[in-house]
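A short worksheet on the structure shown next.
The values are calculated or read from the model by the stated rules, or taken from the named source; none is laboratory data. Please read these numbers as outputs of a predicted model, since none were measured by experiment. Neighbour counts are summed over all protein chains in view; Cβ atoms, including those assigned to glycine, are modelled from backbone coordinates with ideal geometry.
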Amino acid sequence: MSACKWMADMLLAMFTVYLFFLYFGMFFERRKKNIRVLLGVIVLVLWQVGIPEVINELPKAWNIGTTVGLALFVVANVFEGKAWMKSFFAVTFAAIWMLAEMLIGSVLMIYGESIVERQIFGAFASRFLFFLIILALRKVFTNEKVTGLPTGYSILIIFIPTGSIYIMNAVFVLAYRTDWEYAERYSLVSGLILLFINVLIFYIYIRLADDLRIRRMNLVYEQGRLVQGLTRGDGRVGEDVTSNVRTINSIPLFIENAPPYMEVRGEVYMPRKSFIQLNEARDEAGLMPFANCRNAAAGSLRQLDPHVTAARKLDFFAYALGSVEGLEIHSQEQLLKQLAAFHFRVNPNYRKWDSIEGVIKGVAEWQDKRRELAYDTDGMVIKVNDFAQQEELGATVKDPKWATAYKYPPEEAETQVERIIVTMGRTGVLTPSADLTPVHLAGTTVKRATLHNMDFIREKDIRVGDWVRIYKAGEIIPEVAVVEKDKRTGSEVVFEMPSHCPVCGSLVERVEGEAAYRCTNPECGGIVREKLIHFASRDAMAIDGMGPSVVDSLLAYNLVKDPADFYSLKAEDIEQIERMGEKSANNLVASIAASKNKGLAKLLFGLGIRYLGAKGAELIAERYHTIEAVMNADVESLKGTEGIGNVIADSLYAYFRKEKNIELIHRLQAAGVLTEEVREEQIGGAFSGEMVVLTGKLASIGRRAAGERIRSLGGDVQSSVTNKTTLVVAGTDAGSKLEKARAKNIPVINEQEFLKRAGLEKTE
């Protein structure tokens with residue numbers, strides 16, 4: 001090998017390595033330096049310097065496969081990102097590279113007879129062509145934030161560059177081996193077409209990925225009217241929450257003088273006041289509180305019932321536009337002013353700074369001022385104002401280069417664990433908490449922090465007497481971050497969950513498969529107290545004035561032992577309680593009496609049956625209508641109730657197999673408590689008197705919504721075909737229920753007939 005040939009090969013290898021990093025740097029962030037990155041770089045260099053001749057000697061199919069495999073190996077080790085994204089762009093890299101080589105080869109076959117050392121010249125020429133293609137791609141797509149497609153899309157689209165490689169190879173080989181005088185020219189044209197197709201697929205991929213990203217966070221307006229609201233979803237597909245979005249007062253339903261089409265981006269949030277009220281209500285109802293405002297807002301947006309979303313008082317800040325027609329905006333400041341002019345709520349605290357010093361000062365200023373806001377925030381977003389400059393700066397695969405999110409460190413405070421106590425829930429679960437030396441943290445004085453369970457305590461090795469650093473999880477809930485073990489004196493006491501219940505003295509056992517410890521005595525005073533509080537809570541029987549302190553007093557005076565005792569209380573009984581005068585006693589008795597008519601669903605939830613929530617109680621009430629029907633239902637029938645899982649069904653069945661629970665129901669009935677479903681029937685409705693079974697898939701309406709429509713029109717819905725069934729609605733893929741109905745000669749209608757009968761048929 002001559003020195004010139006060796007020098008040319010080294011330059012070619014270095015240029016190829018540069019192209020590799022230039023190409024993949026458009027789409028992926030490079031990993032931090034570690035052994036994987038070093039291995040990937042070594043393989044890349046050896047691939048280009050040490051073994052290119054070996055690869056070229058392989059059969060063509062093996063040559064191509066090895067090239068693609070090496071590209072995948074290097075990009076997998078050197079760059080961050082999802083596997084399918086790496087696979088797509090690695091195969092596309094190989095396809096464009098080989099197509100560039102084919103094009104240059106075809107040109108040389110036609111016009112390169114006079115060129116000496118065609119191989120070296122062709123190698124450099126093909127690399128230079130690839131370089132120009134990469135520059136063009138960067139110019140066009142550098143502003144795009146390329147996100148991953150769902151795996152199914154990726155699998156389908158990757159066939160294009162893969163097929164192009166083999167088609168290109170076949171065309172080139174056939175052109176080289178035929179005597180037809182125009183073969184080389186056809187080969188050249190074919191290569192150009194294939195190259196264009198691969199660049200086009202590249203464009204389609206990016207646009208499709210970007211479209212999915214946009215849909216996750218947009219409010220869509222057409223002719224000024226809100227037509228669709230979509231969430232971010234799981235990173236692949238968003239959720240349509242239009243009905244719930246319409247309940248948020250700060251989102252306009254109609255915009256005057258709006259463009260024909262506009263996509264508004266922003267964030268739904270829950271104000272701190274609304275969050276506190278929501279968690280207080282959930283606590284009263286015996287439900288698990290939300291961990292933070294963000295989770296509460298997300299959960300509220302996904303509610304099936306828009307009335308629930310409306311009650312939670314969400315809010316919305318608009319901050320960006322997606323696709324828009326007929327609107328010219330040139331800066332972030334102008335954008336926010338335009339959104340405000342369209343009557344969107346824009347964060348009033350945004351600022352424009354003229355220097356980086358101003359940004360730094362503003363960030364520091366808001367570290368403390370953010371506590372004064374009506375909502376929780378853990379940071380600031382800093383953007384380049386001018387859109388032209390944003391475009392020039394571009395974006396990486398993960399983030400725009402013209403914006404950054406600055407996260408404030410969570411505020412911590414040091415305090416001491418004075419003692420660890422346990423509290424009891426209505427199911428008998430004991431939950432440990434740390435009583436702390438009072439300390440000021442994030443705007444409030446903190447005296448207690450949850451310790452969750454024994455696993456949490458052991459993991460962090462928290463002891464009574466320890467000095468600990470605490471923070472507010474989700475900016476709300478005090479939690480122990482770390483134990484200051486270097487401050488231990490040896491006097492600290494290791495905490496163990498009590499072996500006996502602190503309320504009744506019964507044995508405490510750890511629930512198998514769970515981290516929870518539970519009192520084994522179902523008659524435990526602590527359990528009784530929590531069950532009474534739950535029964536009277538807002539989402540259950542809603543007995544106004546029956547709060548925890550009143551329940552404690554009633555228990556202390558031995559006036560109640562179970563929920564049925566509420567209904568035997570007299571005003572004179574309550575008056576003997578300290579601070580309960582005649583007026584308060586009469587009001588409480590009246591509230592107790594009013595609760596008798598809440599209906600079956602509220603009663604079932606109020607009984608505190610394990611795993612049965614408010615929605616589950618409604619589903620059971622809708623199906624069975626009376627408490628007797630629920631009590632007599634077998635476990636398989638309960639499991640067949642739409643929306644009721646096996647765990648809930650087993651728990652419900654077991655509850656009504658216990659004599660004391662049946663006795664409680666009888667006493668409630670004797671006291672006049674309504675144990676039937678509360679329902680307003682429509683006399684003469686389209687389904688009046690019908691017992692309807694829904695089977696198969698309904699394309700235009702969900703089965704639950706169809707069931708609600710049937711009930712609103714006087715009918716009832718069954719889960720299975722029986723002798724009482726009078727009508728079957730059969731969607732697509734209807735199974736055994738349809739066959740059974742036909743065997744029994746029960747009338748069957750399709751989805752279109754159902755929609756017409758239900759008054760839901762669309763008219764042009």
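Here are some notes:
- Residue ID - farthest from ARG667 (Cα to Cα), chosen from residues in region 538-564 that are more than 42 Å from the chain's Cα centre (by Cα) and part of a loop (DSSP other than H, G, I, E, B): TYR557
- Applying the criterion of at least 3 residues that are β-branched (Val, Ile, Thr), under 30 Å from ASP378 (Cβ atoms) and not assigned by TED's automatic domain parsing to the domain that holds LYS369 to the strands (runs of 3 or more DSSP E) found wholly in region 439-516 leaves 444-450, 477-483.
- Hits in region 298-317 (condition: aliphatic (A, V, I, L, M), at pLDDT 75 or above and under 18 Å from the mean Cα position of the chain (by Cα)): LEU314
Yes/no matrix, rows are residues, columns are (1) touching a residue at least 40 places away in the same chain (Cβ under 8 Å); (2) buried (at least 16 other Cβ atoms within 10 Å of the Cβ); (3) small (Gly, Ala, Ser):
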residue: ARG419; (1), (2), (3): yes, no, no
residue: GLY425; (1), (2), (3): yes, yes, yes
residue: LEU430; (1), (2), (3): yes, yes, no
residue: ARG448; (1), (2), (3): no, no, no
residue: ASN453; (1), (2), (3): yes, yes, no
residue: VAL480; (1), (2), (3): yes, yes, no
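- Per-region count, region 240-271, residues surrounded by 15 or more Cβ atoms within 10 Å (Cβ to Cβ) and either modelled with pLDDT under 80 or among the aliphatic types (A, V, I, L, M) (or both): 10
- Strands (runs of 3 or more DSSP E) within region 712-751 that include 3 or more residues under 19 Å from GLU642 (Cα atoms): 716-718, 727-730
- Options ALA94, ALA125, ALA100, ALA136: the member that is at pLDDT 65 or above, exposed (fewer than 15 other Cβ atoms within 10 Å of the Cβ) and assigned to a helix (DSSP H, G or I): ALA136
One line per residue, one yes/no per condition, for (1) outside any helix (DSSP H, G or I); (2) under 22 Å from LEU335 (Cβ atoms); (3) in contact with a Gly (Cβ under 7 Å, 6 or more places away or on another chain):
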| residue | (1), (2), (3) |
| --- | --- |
| PRO348 | yes, yes, no |
| TRP353 | yes, yes, yes |
| VAL359 | no, yes, no |
| GLY362 | no, yes, no |
| GLN367 | no, no, no |
| THR377 | yes, yes, no |
| ILE382 | yes, yes, no |
| GLN390 | no, yes, no |
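- Flag if TYR567 is closer than 20 Å to ASN661 by Cα, hydroxyl-bearing (Ser, Thr, Tyr) and over 39 Å from the mean Cα position of the chain (by Cα): yes
- The set of residues in region 325-337 that are crowded, with 17+ Cβ neighbours inside 10 Å and either within 30 Å of the chain's Cα centre (by Cα) or farther than 17 Å from VAL381 by Cβ (or both) comprises GLN332, LEU335, LEU336.
- Selected residue (only one of LEU58, LEU39, LEU22 is surrounded by fewer than 18 Cβ atoms within 10 Å (Cβ to Cβ), modelled with pLDDT under 80 and among the hydrophobic types (A, V, I, L, M, F, W, C)): LEU58
- Residue identified as at pLDDT 90 or above, among the aromatic types (Phe, Trp, Tyr) and crowded, with 17+ Cβ neighbours inside 10 Å among PHE687, PHE605: PHE605
- Single unsatisfied condition, ALA705 versus (1) surrounded by 18 or more Cβ atoms within 10 Å (Cβ to Cβ); (2) modelled with pLDDT under 80; (3) assigned to a helix (DSSP H, G or I); (4) of a type outside the set (Asp, Glu): (1)
- SER154 being at pLDDT 70 or above and within 25 Å of ILE134 (Cα to Cα): no
- Of ASP544, ASP539, all but one fail to be surrounded by 15 or more Cβ atoms within 10 Å (Cβ to Cβ) and of a type outside the set (S, T, N, Q); the exception is ASP539.
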